[in-house]
Amino acid sequence: MRKHLYLPALLLALCIFLSNYLVAQQVLPTPQQPFKGKISISPKDSVKDFPKEPHAPKDAPNVLLILLDDVGFGASSTFGGYANTPTLQRLADNGVKYNRFHTTGVCSPTRAALLTGKNAHEVHSGVVTEMANGFPGYNSLIGKENATVAEILKQNGYNTAWIGKNHNVPDWHSSAAGPFDLWPTGLGFEKFYGFIGGEANQFRPLLFDGITPIEPYLGKMEYNLDYDLADQASNWIKMQKASAPDKPFFCYYAPGATHAPHHATKEWIAKQKGKYDMGWDELREITSERQKKMGIIPADAKLTPRDKALPSWESMDPKYRKMYSYMMEIYAAYLEQADYNVGRVLQSIDDMGQLENTLVIYIVGDNGAASEGGIHGKYNDLTILSMIDEDPDAILSHIDELGTWKANNSVPAGWGWASNTPFQWVKQIASHFGGTRNGLVISWPNGIKAKGEVRSQFHHVSDIVPTILECAGIEQPAIVNGVAQKPMSGISMKYTFDNANAKDQRTTQYFEIFGNAGLYHEGWMANTKVFVNPWSGKSVEVDWMKDVQWELYNIDKDFSQSEDLAALYPEKLAEMKNLFFAEAAKNDALPIDNSKAARFATENRPSLTRGRTSFTYYQGMKRIPEGASPEIKNISWGIMADLDLKETTANGMIVTQGGLNGGYGLYLDKGKPVFCYNYAGQKQYFIMSDKAIPTGKHQLGMNFKYDGGGLGKGGNVVLTLDGKEIAKGRVDATVPLRFSTEETFAVGEDTSTPVNLKYDVPFAFTGKIEKVVVEYR
């Protein structure tokens with residue numbers, strides 16, 4: 001009898017809990033309010049009443065969210081580094097800077113966590129989109145249960161824009177066939193202007209305005225994407241405020257800097273001359289001392305030693321040191337140029353009197369500085385996908401092209417390591433802070449009293465969305481567009497704004513990229529030892545139950561993760577390892593895969609081309625991404641083009657894929673057929689006829705017979721006209737996995753960079769192409 005007396009109390013408690021939950025948790029879109037006017041037969045006897053549209057909370061701030069790319073913790077002057085970043089410093093002087101803020105270790109995962117307030121694997125983005133596979137944590141399909149901050153803010157009365165890099169569209173969604181629900185305009189952004197993928201040629205980028213492909217560089221010799229993005233952001237903000245002065249904006253500004261290719265204007269490069277002749281070892285020592293003097297790192301923080309796999313500056317051949325220094329000058333110029341253009345956006349906000357109530361979040365990199373340039377740096381950083389180690393003499397012969405549209409250059413690994421001072425390792429290595437510790441500055445004059453102070457609470461990129469929402473006075477929603485939402489794993493950082501000594505509210509965070517894994521928990525960090533140098537592009541087979549070795553650090557006392565305590569505290573390490581696997585399972589980070597290059601193969605993902613052996617295209621079709629193009633690598637294949645020529649001197653591209661860094665093109669040069677195969681920018685093979693095609697209708701063919709015997713082998717090429725052989729030749733080696741992460745497939749013209757320098761884009765075909773058929777043979 002007595003136990004039944006508790007039932008009413010329990011039911012009442014449950015009702016109160018559910019009531020409070022439903023009241024506190026938003027449902028978006030907000031249901032339309034009942035009509036409160038009056039309806040009669042005639043208008044004069046009726047009373048009008050408009051439904052209330054979403055309206056931002058009173059005094060909600062504008063939000064400018066800035067994310068740079070591949071910038072190490074010790075790169076910017078604001079965090080003790082070599083590159084002058086006055087815009088970042090201006091914000092730091094009027095806000096707070098964080099020295100224990102973390103990203104994921106590579107691009108797409110960081111950006112997914114940044115936009116959703118959740119861990120990357122949790123939102124299906126545990127690896128870059130071009131490497132996605134069929135496991136939940138890695139399929140790149142950000143689900144509807146993970147509404148972005150833009151969707152939430154838009155439905156709470158904000159205007160929203162995404163300007164710059166987007167590396168979150170699934171590889172097989174990036175063509176004109178869509179679907180487009182995972183493009184920015186499907187994720188709550190009313191405006192998108194930028195590029196899709198990991199990198200962009202800064203002088204000849206392939207951009208989108210919304211979902212419309214555009215090439216704004218055409219006819220503009222001085223075009224530069226970094227400046228264009230700043231113009232676009234500034235113009236959008238000014239138009240938004242001119243149209244609705246009281247409506248707050250959310251602008252996500254993500255330039256390509258400083259991801260390869262390292263492209264800066266010649267004026268910015270000239271400013272760096274001679275600044276890095278001391279080499280990476282000395283630069284690292286200088287940076288560490290400066291960081292200590294500035295209070296960026298503790299006075300007792302140790303400068304971690306160079307890994308034995310990375311050569312010292314003094315051991316490098318003096319013949320190449322000027323080239324290495326020049327590569328670093330370009331990188332630093334790129335960073336300084338990007339900071340300058342962020343300043344232009346900031347100034348446009350200030351000019352409108354909006355800066356006092358603008359929450360500016362400036363994240364200095366989506367991961368640590370990169371090492372994919374290898375020991376000598378790269379003229380074409382994409383050679384890593386073909387396991388090619390570029391000859392430094394070949395790079396030296398093209399030194400004047402570094403930093404221009406012709407090169408896809410990146411710095412030697414030593415500079416990447418130096419840029420991550422004082423930590424071990426680099427981008428990709430999520431187990432160590434060289435891969436995940438990035439500088440962060442937050443400024444909001446109306447909301448942050450502190451000026452120029454350092455914050456040392458441990459935080460993660462997933463904490464940004466909860467911070468924005470709390471500052472705006474907006475609840476995390478329970479339902480968005482009819483879909484129940486996963487709770488955010490991020491934690492608001494607002495508690496740190498005016499309390500430098502506030503106790504850390506984030507106590508646990510896991511990390512995992514390419515099998516490089518770690519766990520932070522209550523001041524301790526357990527992490528795997530590095531399996532293989534990230535600049536090699538190689539992978540090793542790892543049995544996670546037998547082969548993986550772990551390290552243990554007390555980072556509350558050891559800021560730079562320098563003293564491995566695993567041997568001293570085996571029980572603590574065992575506890576941390578168990579907690580890591582619990583977090584990995586909870587967040588869909590399993591199974592853990594340390595492979596790299598093999599993941600780029602399109603067979604790992606859904607495909608618009610799988611199951612087909614013949615593909616028909618027509619003149620004017622262009623900007624078809626590699627993930628949606630015929631997969632002609634490592635097989636025999638051919639092209640048949642039906643042409644109608646009015647002159648014997650016709651010129652132009654018939655069909656092409658890729659560009660200067662790898663690809664192929666079939667075109668006419670003064671009427672003469674040419675097939676060019678570009679092997680990863682290392683060598684170009686030409687098979688051409690010495691006779692022009694007569695006027696009239698003809699079928700031009702190219703047949704490539706693959707040698708077989710593995711990946712990246714060569715083959716024999718035969719050109720035919722109306723079924724008769726007109727030329728033949730050989731290609732000694734082919735690209736095994738991917739030509740590019742940016743360049744595309746086109747018929748009737750070329751875009752961005754040409755396959756060789758005997759012509760330039762657009763190289764539009766002057767005759768008529770009735771159709772082009774690509775076939776697997």
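Only one of the listed residues (Leu757, Leu711) is in a loop (DSSP other than H, G, I, E, B) and modelled with pLDDT under 95. That residue is Leu711.
Please count how many residues of region 454-471 are open to solvent by 10 Å² or more (accessible area, probe 1.4 Å) and within 22 Å of Ile296 (Cα to Cα). Residues in region 454-471 being open to solvent by 10 Å² or more (accessible area, probe 1.4 Å) and within 22 Å of Ile296 (Cα to Cα): 2 in total.
Answer yes or no: is there a residue in region 516-532 that is farther than 22 Å from Asn119 by Cβ and surrounded by fewer than 17 Cβ atoms within 10 Å (Cβ to Cβ). Yes - at least one qualifying residue is present in region 516-532.
Hey, any hits in region 367-379 for a residue that's among the small types (Gly, Ala, Ser), open to solvent by 10 Å² or more (accessible area, probe 1.4 Å), farther than 23 Å from Gly95 by Cβ and in contact (Cβ under 8 Å) with a residue 40 or more places away in the chain?
yes
Taking the residues in region 390-410 that are closer than 19 Å to Trp280 by Cβ and open to solvent by 40 Å² or more (accessible area, probe 1.4 Å) as candidates, determine which candidate is farthest from the chain's Cα centre (by Cα). Out of the qualifying residues, it is Leu396. For region 675-692, the condition holds for at least one residue, the condition being that it is under 23 Å from Lys378 (Cβ atoms), of a type in the set (A, V, I, L, M, F, W, C), modelled with pLDDT of 95 or more and out of contact with any helix residue (DSSP H, G or I) (no Cβ under 6 Å at 6 or more places or on another chain). Can Ala598 be described as open to solvent by 30 Å² or more (accessible area, probe 1.4 Å), assigned to a loop (DSSP other than H, G, I, E, B) and over 21 Å from Thr436 (Cβ atoms)? It is false that Ala598 is open to solvent by 30 Å² or more (accessible area, probe 1.4 Å), assigned to a loop (DSSP other than H, G, I, E, B) and over 21 Å from Thr436 (Cβ atoms). Screening the candidates Tyr326, Tyr223 for the property of being closer than 30 Å to Trp405 by Cα, open to solvent by less than 70 Å² (accessible area, probe 1.4 Å) and without any contact (Cβ under 8 Å) to a residue 24 or more places away in the chain yields one hit, Tyr223.
Consider region 749-768. How many of its residues are open to solvent by 10 Å² or more (accessible area, probe 1.4 Å) and not charged (D, E, K, R)?
So in region 749-768, the residues open to solvent by 10 Å² or more (accessible area, probe 1.4 Å) come out as 749, 757-768.
This time we only want the ones that are not charged (D, E, K, R), so: 757, 759, 761-767.
Qualifying residue count, region 749-768: 9.
When Asp564, Asp543, Asp558, Asp547 are checked against the criterion of being part of a loop (DSSP other than H, G, I, E, B) and either under 29 Å from the mean Cα position of the chain (by Cα) or within 29 Å of Ile361 (Cα to Cα) (or both), a single residue qualifies: Asp558. Looking only at residues of region 604-615 that are without any contact (Cβ under 8 Å) to a residue 24 or more places away in the chain and open to solvent by 60 Å² or more (accessible area, probe 1.4 Å), we find that the one that is nearest to Trp172 (Cα to Cα) is Arg610.
Each row is one residue, and each column tells you yes or no for (1) surrounded by 12 or more Cβ atoms within 10 Å (Cβ to Cβ); (2) part of a helix (DSSP H, G or I).
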{"site": "His262", "(1), (2)": "yes, no"}
{"site": "Glu282", "(1), (2)": "yes, yes"}
{"site": "Thr287", "(1), (2)": "yes, yes"}
{"site": "Lys293", "(1), (2)": "no, yes"}
{"site": "Ile296", "(1), (2)": "yes, no"}
{"site": "Ala299", "(1), (2)": "no, no"}
{"site": "Thr304", "(1), (2)": "yes, no"}
{"site": "Leu310", "(1), (2)": "yes, no"}
{"site": "Arg321", "(1), (2)": "yes, yes"}
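On the stretch given as region 746-777, residues that are closer than 16 Å to Ala628 by Cβ and out of contact with any Phe, Trp or Tyr (no Cβ under 8 Å at 6 or more places or on another chain) total 2.
When region 22-71 is filtered for residues that are part of a loop (DSSP other than H, G, I, E, B) and of a type in the set (Lys, Arg), the ones remaining, listed by number, are Lys36, Lys48, Lys52, Lys58. Taken together, the residues in region 138-152 that are touching a strand residue (DSSP E or B) at 6+ places or on another chain (Cβ under 9 Å) and assigned to a helix (DSSP H, G or I) amount to 4.
In region 616-646, how many are aromatic (Phe, Trp, Tyr), closer than 27 Å to Ala200 by Cα and either surrounded by 15 or more Cβ atoms within 10 Å (Cβ to Cβ) or within 27 Å of the chain's Cα centre (by Cα) (or both)? Please lay out each step first, then the result.
In the first step, residues of region 616-646 are kept if they are aromatic (Phe, Trp, Tyr); the result is 617-618, 637.
Now drop any that are not closer than 27 Å to Ala200 by Cα, which leaves 617-618.
Now restrict to residues that are either surrounded by 15 or more Cβ atoms within 10 Å (Cβ to Cβ) or within 27 Å of the chain's Cα centre (by Cα) (or both): 617.
So the count comes out to 1.
Each residue in region 550-570 was checked for being in contact with a Ser or Thr (Cβ under 7 Å, 6 or more places away or on another chain) and over 18 Å from Gln291 (Cβ atoms), and 1 pass.
Of all residues in region 411-453, which are under 15 Å from Val106 (Cβ atoms) and open to solvent by 10 Å² or more (accessible area, probe 1.4 Å)? Across region 411-453, the qualifying residues are Trp425, Lys427, Gln428.
A count restricted to region 127-149 and to residues that are crowded, with 22+ Cβ neighbours inside 10 Å and under 30 Å from Gln240 (Cα atoms) stands at 5.
Restricting attention to region 130-150, the residues being of a type in the set (Asp, Glu) and either within 17 Å of Ser489 (Cα to Cα) or out of contact with any helix residue (DSSP H, G or I) (no Cβ under 8 Å at 6 or more places or on another chain) (or both) number 1. Just one of the listed residues (Leu88, Leu114) is over 15 Å from the mean Cα position of the chain (by Cα), at pLDDT 95 or above and either crowded, with 24+ Cβ neighbours inside 10 Å or in a loop (DSSP other than H, G, I, E, B) (or both), namely Leu88. The residue list Ile474, Ile491 contains one member that is out of contact with any helix residue (DSSP H, G or I) (no Cβ under 6 Å at 6 or more places or on another chain), on the phi < 0 side of the Ramachandran plot and either surrounded by fewer than 22 Cβ atoms within 10 Å (Cβ to Cβ) or not in a loop (DSSP other than H, G, I, E, B) (or both), which is Ile474.
Which one is nearest to the chain's Cα centre (by Cα) among residues in region 167-188 that are touching a residue at least 40 places away in the same chain (Cβ under 8 Å) and buried (at least 24 other Cβ atoms within 10 Å of the Cβ)? Restricting to residues being touching a residue at least 40 places away in the same chain (Cβ under 8 Å) and buried (at least 24 other Cβ atoms within 10 Å of the Cβ), the top hit is His167.
The values are calculated or read from the model by the stated rules, or taken from the named source; none is laboratory data. Everything quoted here is computed from the prediction, not taken from an experiment. Every residue, glycine as well, gets a Cβ built from its backbone with ideal geometry; the counts of neighbours run over all protein chains shown. Quick note on the areas: whole protein, heavy atoms, side chains included, nothing else; ligands and nucleic acids left out. Shrake-Rupley method; radii C 1.70, N 1.55, O 1.52, S 1.80 Å.
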